[in-house]
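A short worksheet on the structure shown next.
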Amino acid sequence: MTTSSIMKRCTAKNKHPYITLSLCRLPPAETTSLQPIRSKATLPSIRGSWILSVIPDQARQDFPVRMPLPTSKHFRWLYAITLAAVLAVLFFLNPTEYVFMPKCPFKLITGLQCPGCGLQRACHALLHGHVAEAWAYNRFLIYAIPWLLSVIFTEYFLHGERQMRWRRVVEGRVAVGIYLVLFVWWGVFRNIEGI
């Protein structure tokens, strides 16, 4: 298989108007024989069998297959739409009244409550302004909701260096570690106390 035919299989165009970004995954036998195109605009990077190279604009006619690469902005919009859809479902549908709403597999198997049991009902109650009812379903919301709102604020409303500083605080190892420890502790405590 020639280099030209290999690169034709998987060429993707990035936002830059003068270069084309190509990303290929090749069998091990092809990886050793493939030589990336060399020019001033070439930036090869090989890791395992992944070949990444920037191809000069004048060579685009050799690589007709192009598609936009996903960016972090695309994923942020996807997360926002997914979260809005989940909240809309929980607002209009009461999890206690519909059998098709997801059930906790841990509780079905063991009979014990996991740390997240009651979150659907709590979110439904909270979306309707019933704070005491939401608290009764799952007390971990008192930590989970502020942390989630902090992550959303950091990702969607901050930019540049300020966003990076807040990411290190809100999404850093310490914050995530505290969240996981409290999450597990709440799962054990609620079963001991029968909450």
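When residues of region 154-167 are filtered for being surrounded by 13 or more Cβ atoms within 10 Å (Cβ to Cβ) and more than 16 Å from the chain's Cα centre (by Cα), how many remain?
Residues that pass the stated criteria total 3.
Would it be correct to say that Val170 is touching an Asp or Glu at 6+ places or on another chain (Cβ under 7 Å) and surrounded by 14 or more Cβ atoms within 10 Å (Cβ to Cβ)?
no
Does Val181 satisfy being at pLDDT 95 or above and either among the aliphatic types (A, V, I, L, M) or under 22 Å from the mean Cα position of the chain (by Cα) (or both)?
yes
Can you tell me which of Trp147, Trp185 is touching a Phe, Trp or Tyr at 6+ places or on another chain (Cβ under 7 Å) and either more than 25 Å from Ala85 (Cβ to Cβ) or surrounded by 15 or more Cβ atoms within 10 Å (Cβ to Cβ) (or both)?
Trp147
Could you identify the single residue in His124, His130 that is free of Cβ contacts under 8 Å to residues at least 12 places away in the same chain, in the same structural domain as Trp185 (by TED's automatic domain parsing), surrounded by 14 or more Cβ atoms within 10 Å (Cβ to Cβ) and touching a His at 6+ places or on another chain (Cβ under 9 Å)?
So the residue among His124, His130 that is free of Cβ contacts under 8 Å to residues at least 12 places away in the same chain, in the same structural domain as Trp185 (by TED's automatic domain parsing), surrounded by 14 or more Cβ atoms within 10 Å (Cβ to Cβ) and touching a His at 6+ places or on another chain (Cβ under 9 Å) is His130.
Whether any residue in region 107-117 is assigned to a helix (DSSP H, G or I), farther than 21 Å from Lys73 by Cα and either touching a residue at least 60 places away in the same chain (Cβ under 8 Å) or small (Gly, Ala, Ser) (or both) is what I want to check.
no
Just give me the residues in region 90-107 being loosely packed, with under 14 Cβ neighbours inside 10 Å and hydrophobic (A, V, I, L, M, F, W, C), in sequence order.
Within region 90-107, Phe91, Phe92, Val99, Phe100 qualify.
Kindly evaluate Arg190 against the criterion of being among the charged types (D, E, K, R) and within 21 Å of the chain's Cα centre (by Cα).
no
Return yes or no: is Ala84 of a type in the set (A, V, I, L, M), farther than 22 Å from Ile195 by Cα and surrounded by 14 or more Cβ atoms within 10 Å (Cβ to Cβ)?
no
The values are calculated or read from the model by the stated rules, or taken from the named source; none is laboratory data. Keep in mind it's a predicted model, so treat the numbers as computed, not measured. So basically every Cβ, Gly included, is an ideal-geometry build from the backbone, and we count neighbours across all protein chains shown.
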